[in-house]
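First the structure, in the form of structure tokens, and then the observations on it.
The values are calculated or read from the model by the stated rules, or taken from the named source; none is laboratory data. The structure displayed is predicted, hence computed values, not measured ones. Cβ coordinates were reconstructed from backbone atoms using ideal geometry, including for glycine residues, and neighbour counts include every protein chain displayed.
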Amino acid sequence: MDETLVATLGTEPQVVTLVLDELLRRGHIVRRTIVVHTDDSIEPVKTAVFKLKAEAGRYYSYLSPPVRFGFEPIEGDRGRPQDILTEEDAGAAFKTLYRIVLREKRAGYRIHLSIAGGRKAMAVYGMAVAQLLFDEEDRVWHVVSEEVLHSRERLHAEPDERVVLVPIPVLKWSTISPVMTELVVFEDPWRAMSKQREMRELRDRISLLHFVEHELSPMEREILKLLVGEGLSNKELACRICR
């Protein structure tokens, strides 16, 4: 299965390339890398995006197979935020990440989500997206590499430098693949979350009904009916049952 890296970007482009390089080194077939960023018309994001675009053209496009890069700015109701500082900015980041991951899932790609770059809010909402949309084979990553991360000039680690990809566990809302449910039709994460809650409540009701109908004895069902329907005390229940 072909794979897509979705990476959040702040001001340091190497947080994207380090994750991609390590995934490729491990044998992952990453065909696409999508960089999610704030307004790239201003510094320092402008320079970070420029460096990644240049590296995509002169290095990653010549790999076999090549890795195609895409750059997607966070879009809010008032345009592209310059930073993630307000609730509105964070909501825009959430919607953008959700839309991108959903699109890649629909296209059949396995997803690697890097939350190493950008504000903490982007990482938090990235995890929320993973909870909503990820399957068992999808992964969330953080990266640790002191040498390269502290060097703004280099985008790649040397052979003797240590790069650690830290897998982040994802507690998914459902064991059913989102692409196999109605969830896949929603472009808005808030609507998807509402639908997910409805689906969970329906499954809980079905499970409860099965328990009542097939696990309880006739006497237990009668007691439950009296307890729930009339709110009887233990003494009142005993009197009604023993008539």
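So here's what we get for this one:
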quantity	calculated
Residue among Gly76, Gly57 that alone is within 22 Å of the chain's Cα centre (by Cα), assigned by TED's automatic domain parsing to the domain that holds Val129 and of a type in the set (Gly, Ala, Ser)	Gly76
Among (1) under 18 Å from His37 (Cβ atoms); (2) aliphatic (A, V, I, L, M); (3) touching an Asp or Glu at 6+ places or on another chain (Cβ under 9 Å), the one test that Val129 misses	(3)
Arg110 being within 16 Å of Thr33 (Cβ to Cβ), in contact (Cβ under 8 Å) with a residue 40 or more places away in the chain and basic (Lys, Arg)	yes
Search result, residues across the stretch 12-25 that are touching a residue at least 40 places away in the same chain (Cβ under 8 Å) and farther than 19 Å from Val101 by Cβ	Glu12, Pro13, Gln14, Thr17, Leu18, Asp21, Glu22, Leu24
Selection within the stretch 1-16 - in a strand (DSSP E or B) and among the acidic types (Asp, Glu)	Glu3
Output for the stretch 28-83, where each listed residue is hydroxyl-bearing (Ser, Thr, Tyr) and either free of Cβ contacts under 8 Å to residues at least 40 places away in the same chain or under 16 Å from Gly118 (Cα atoms) (or both)	Thr33, Thr38, Ser41, Thr47, Tyr59, Ser61, Tyr62, Ser64
Test result for Val19, surrounded by 21 or more Cβ atoms within 10 Å (Cβ to Cβ), part of a helix (DSSP H, G or I), modelled with pLDDT under 95 and not acidic (Asp, Glu)	no
Hey, Gly70 under 17 Å from Thr33 (Cα atoms), under 24 Å from the mean Cα position of the chain (by Cα), of a type in the set (Gly, Ala, Ser) and assigned by TED's automatic domain parsing to the domain that holds Ala128 or not	yes
